[in-house]
Amino acid sequence: MACKRGALIVLEGVDKAGKTTQCKRLVDALLAGGRPAEIMRFPDRTTTIGKMISAYLERKSDLEDHAVHLLFSANRWELVPLMKEKLEQGITLVVDRYAFSGVAFTSAKPGFCLDWCMKPDVGLPKPDLVMFLQLSPADAALRGQFGDERYETKVFQKAVQQKFEHLMMDRSVNWQVIDASQNIEDVHNNITTHSLNAINVAQNRPLGELWK
Ligand code: 2DT
């Protein structure tokens, strides 16, 4: 019998919600439980496209807003063959940001609608589970200053949060909202429970296509 596929698990949320920490904790917990798992993050700044995105985020270069949106999407598409290969090998992928960040961040800019922003990512591997780490702006502020990269301002993050809320109304995606104001351990346990469920369900189902 062919090996059972891994699950595609995505963590999303506004800045300071603890996504990166929780992705690492989740992968460690899955590995400790004997389940193959790997971490991925978008943007993946190591590829040629990713380096262009990184320079843009660090304000070392300027790119037109539509163009950079398409680069973020291209950065996901270029990794699709690798993602599929890993999932087929039974490896669960824990992904720090995905197309939802792509849509939420660009559509928070003036002159963009959700519909246009979603188009380039239609057909990407569909996550089996998307956890949104929910954190109020007040709680985020308690976790320290924002960094110096593009988008790291209170006003923009608030607009992004509203766009995520729109995206979460889409019932075709398995969204779970996680209260990220709890302590790291409680958030981790919550995330692990949802992930184990998703891994069990995913192994008997084909990988879907996002927004199709
Ligand atoms: P971090 O590397 O700190 O997560 O910040 N972004 C991300 C977009 O605008 N579009 C996308 O498609 C993705 C994946 C969110 C990366 C910054 O890039 C933004 C914050």
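Values quoted throughout were computed directly from the atomic coordinates according to the rules given, and no laboratory measurement underlies them. Computed from a prediction, not measured in an experiment: that's the story for all the values here. Neighbour counts are summed over all protein chains in view; Cβ atoms, including those assigned to glycine, are modelled from backbone coordinates with ideal geometry.
Under unit Cβ charges (Lys, Arg +1; Asp, Glu -1), what dipole magnitude, rounded to 20 debye, does segment 1-121 have relative to its Cα centre?
Working: 18 positive and 15 negative charges, 77 e Å.
About 360 debye.
The helix-only estimate of mean residue ellipticity at 222 nm for the chain, built from DSSP H runs of length n ≥ 4 each weighted as -39500 (n - 2.57), is -14000 deg cm²/dmol after division by the residue total.
Using the count of nearby Cβ atoms within 10 Å as a rough guide to exposure, how do Leu79, Leu142, Leu63 rank from fewest to most?
Working: Leu79 21, Leu142 10, Leu63 14.
Least crowded to most crowded, the residues run Leu142, Leu63, Leu79.
Based on the alpha-carbon gyration tensor of segment 134-188 and its eigenvalue square roots a ≥ b ≥ c, which shape applies: rounded if a/c is under 1.5, prolate if not and a/b is larger than b/c, or oblate? Because a/c hits 1.5 or more and a/b fails to exceed b/c, segment 134-188 counts as oblate. Label separation (His66 vs Gln162): 2.4 nm, computed from points 7 Å beyond Cα along the C-beta direction. Considering only Ile184, Leu93, Val103, the residue lying farthest towards the positive end of the dipole of the chain is Leu93, judged by Cα position with unit charges set on Cβ.
Would you please calculate the Kirkwood hydrodynamic radius of segment 121-212 over all C-alpha pairs and express it in Å, rounded to one decimal?
On the way: mean 1/r = 0.0656 Å⁻¹.
This gives a value of 15.2 Å.
Remark: for residue pairs Lys86/Lys158; Lys86/Lys163; Lys19/Lys158; Lys4/Lys163; Lys154/Lys212, the C-alpha separation exceeds 27 Å in Lys86/Lys158; Lys86/Lys163; Lys4/Lys163; Lys154/Lys212. Run the Debye formula on the Cα coordinates of segment 36-158, all scatterers equal and no solvent, and tell me log10 I(q)/I(0) at q = 0.11 1/Å. Once normalised to I(0) and log-transformed, intensities are -0.42.
Expressed as a whole number of Å, what is the distance separating the alpha-carbon centroids of segment 1-35 and segment 97-118? Taking the Cα centre of each part, segment 97-118 and segment 1-35 sit 24 Å apart.
The charge dipole of segment 51-98, taken about its Cα centre with unit charges on the Cβ atoms of Lys, Arg (+1), Asp and Glu (-1) only, comes to about 120 debye.
Taking the inverse of the average 1/r across all pairs of different Cα atoms in segment 1-103, what Kirkwood radius in Å do you get?
Numbers: mean 1/r = 0.0680 Å⁻¹.
Evaluated over segment 1-103, this radius sits at 14.7 Å.
Label reach from Val80 (point 7 Å along Cα→C-beta): in segment 11-44, amide nitrogens under 19 Å belong to 40-44. How far apart, in nm, are the 7 Å Cα→Cβ label points at Asn197 and Ala141? Those two pseudo-labels are separated by 3.4 nm.
Rg and Dmax of the chain, both derived from C-alpha coordinates alone, stand at 16.6, 52 Å.
Counting neighbouring beta carbons within 10 Å and listing from fewest to most, the residues Asp15, Asp128 come out as Asp15, Asp128.
Annotation: the antiparallel percentage among DSSP beta bridges lying fully within the chain is about 10. Helix 65-77 versus the longest principal axis of the chain: what angle, 0 to 90°, nearest 10, using Cα atoms? The answer is roughly 10 degrees. For segment 169-212, dividing the convex hull volume of the Cα atoms by the residue count gives 82 Å³ per residue.
About its Cα centre, the dipole of segment 8-202 is roughly 120 debye, where the only charges are +1 on Lys and Arg Cβ and -1 on Asp and Glu Cβ. When segment 8-202 is described by a simple charge dipole with +1 on each Lys and Arg Cβ and -1 on each Asp and Glu Cβ, the residue from Asn197, Asn75, Gly144 located farthest towards its positive end is Asn75.
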